[in-house]
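Colleague: Submitted below is the structure of interest, expressed as structure tokens.
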Amino acid sequence: MKKKYADWTNNQLIQELEKFSKKKKYGLVWEDKLEDVVEQCNKEFPVLEEVLEKEIKDPSKSVTNLLIEGDNYHALSVLNYTHRHKIDFIYIDPPYNTGSKDWTYNNDYVDKEDPYRHSKWLSFLSHRLLLAKNLLKKDGIICVTIDDYEMPRLWLLLEEIFKEANNLGVVAIRNNPKGRKTERKVSLVHEYAIFFGRTNESKINKLEVEMEDKTHNYKQDDDGEWYLPTNLRKPGADSLALKKNGKISDRYYPIYVNSKTGEISVSKKLDIEIYPIDAEKEKRIWRRGKEVIEQMYKDGDLWYQKIRGTHQIQFKFRGGTDGEPPQSMWVDSKFSASEHGTKILDKILGARERFNYPKSPHAVEECIRIACNNKNAIVLDFFGGSGTTGHAILEMNKKDNGNRQFIICTNN
């Protein structure tokens, strides 16, 4: 072997190195299967035709929502000319590829016996995700829901297209509390929502508090803003002052209070000294850094209070601004597809022969809320199904007087 390489010219060695550098080092490998619609678009460009007789007008609304009927690869190809880098959020619920004839590839149903079932599904989805990525704004986010059949492969596919560093998290949503019972397997009660950003500017939002939750404990300040009086000492597993490296966090420091005036300071000593130590004498950290404490006090957002004989520093928790990131498991009953998907759709349409597994609009709304806090956002769903994404957008606009626009693509 060495003798062979020794006989090569410099150009031959360079070509071999270039060929080797192009080989995939890590990730998902599958046999890319030709797709008729993709081949067609390489030769002909699809054109959208407006169907005026199906238009629904509401003079009170300034937003124009779009429903595109046809193959979603055609739709995405056109949107790459009209909406490139204009979409705030993409939510899709693609076929789960369970083998139960729930989707077609090149007009043929893909069943469990097809040896290329996974390759066809990956080819089908990758063709569309590559087009969809170009539509997102620089800080845009895509959410893809899936169950356990294709979860491992989808995760790797999204990493390949959007890059591992832009994985913003995976949520397990309890969408089927009764469980899906199959032979030899555990009963599945949840599905997944996978979030990826287009760039490192994409980020998940901290959840704002819903108006209906702002009841007895919440208060309004002079500006009419809602807040919850909250202890400045941070709780939870990530709040310990002692780090793993043995050092003390810079968020562990004393806050001084004037017992007569209530003045709060970190720069001058007063007669009351308060550290973030909990009832079990465990050293915790403050939720805010030392540099903002005195300004928060001057702004009226921070105050001293004695509660059950202990000295406490309270602050105004304002939901989205001071909230915690959404958690990775959603178990609320409102996310149940059977209770809040099927029943809602039956009530609207009267029959749902073509929509066997409609999502709960509450689940879709929550996904939109944590990924996009722009009330004028453009939201795309290119696996439209029963239209749950449109339903969720309309409900969100109704609640906060927003002007979000939806674009839904469907072939049904």
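Colleague: Roughly how many Å² is the accessible area per residue of the chain, as a whole number, for a 1.4 Å probe? Working shown, then result.
Modeller: Working: 25170 Å² over 412 residues.
For the chain, the solvent-accessible area averages 61 Å² per residue.
Colleague: Using helices alone, what [θ] at 222 nm do you get for the chain, with -39,500 (n - 2.57) per DSSP H run of 4 or more residues, divided over all residues and rounded to the nearest 500? Could the numbers behind the result be given before it?
Modeller: Working: 10 runs with 107 residues, N = 412.
It comes out at -8000 deg cm²/dmol, rounded to the nearest 500.
Colleague: Which ³J(HN,Hα) values in Hz, rounded to whole numbers, follow from the phi angles of segment 271-288 under the Karplus curve 6.51 cos²θ - 1.76 cosθ + 1.60, where θ = phi - 60° and Gly and Pro get x?
Modeller: 6, 10, 10, 10, 10, x, 10, 7, 5, 8, 6, 8, 6, 10, 10, 7, 6, 10
Colleague: Restricting to the chain, what percent of DSSP beta bridges are antiparallel, rounded to 5?
Modeller: On the way: 37 of 54 bridges.
Taking every DSSP beta bridge within the chain, about 70 percent pair in antiparallel fashion.
Colleague: Another question, then. Round to a whole number: what % of the accessible area of the chain belongs to carbon and sulfur, probe 1.4 Å? Each step should come with its number before you reach the end.
Modeller: Working: 12290 of 25170 Å².
Of the solvent-accessible surface of the chain, carbon and sulfur hold 49 percent.
Colleague: Let me ask another. Are any of the pairs K290/K399; K247/K281; K101/K399; K61/K219 more than 27 Å apart by Cα-Cα distance, and if so, which?
Modeller: In this structure, K290/K399; K101/K399; K61/K219 lie more than 27 Å apart at Cα.
Colleague: Tell me, what ³J(HN,Hα) does each residue in segment 302-318 have, in order and in whole Hz, if you take phi through Karplus 6.51 cos²θ - 1.76 cosθ + 1.60 with θ = phi - 60° and put x for Gly and Pro?
Modeller: Values, residue by residue: 9, 8, 8, 8, 9, 10, 6, x, 10, 7, 9, 9, 9, 9, 8, 7, 10 Hz.
Colleague: For a quick check: with amide H placed at 1.01 Å from N, whose amide H comes under 5 Å from H311's, ignoring anything fewer than 5 positions away on the same chain?
Modeller: Amide H neighbours of H311: none.
Colleague: Between I277 and residues 5 or more places away or on another chain, which pairs have amide H atoms under 5 Å apart, with H built 1.01 Å from N, and which residues are they?
Modeller: Under 5 Å from the amide H of I277 lie the amide H atoms of R284, each far enough along the sequence or on another chain.
Colleague: Can I ask one more? Whats the longest run of the chain with zero GluC sites (Glu not before Pro) that are DSSP loop and have at most 13 other Cβ atoms within 10 Å?
Modeller: Numbers: sites that count: E31, E44, E49, E50, E55, E113, E183, E201, E210, E225, E280, E282, E353.
Here the longest run is 283-352.
Colleague: Give me the percent relative contact order of the chain, please, defined on Cα pairs under 8 angstrom at least 6 residues apart. Working shown, then result.
Modeller: On the way: 664 pairs, mean separation 76.1, N = 412.
Relative CO of the chain lands at 18 percent.
Colleague: Residue by residue through segment 370-378, what is 3J(HN,Hα) from phi via Karplus (6.51 cos²θ - 1.76 cosθ + 1.60, θ = phi - 60°)? Round to whole Hz and write x for glycine and proline.
Modeller: 7, 9, 8, 9, 8, 5, 10, 5, 9
The values are calculated or read from the model by the stated rules, or taken from the named source; none is laboratory data. Please read all numbers here as calculations on a predicted model, not as lab measurements. Every residue, glycine as well, gets a Cβ built from its backbone with ideal geometry; the counts of neighbours run over all protein chains shown. Side chains are part of the model used for accessible areas, which takes the heavy atoms of the whole protein and leaves out ligands, DNA and RNA. Shrake-Rupley method; radii C 1.70, N 1.55, O 1.52, S 1.80 Å.
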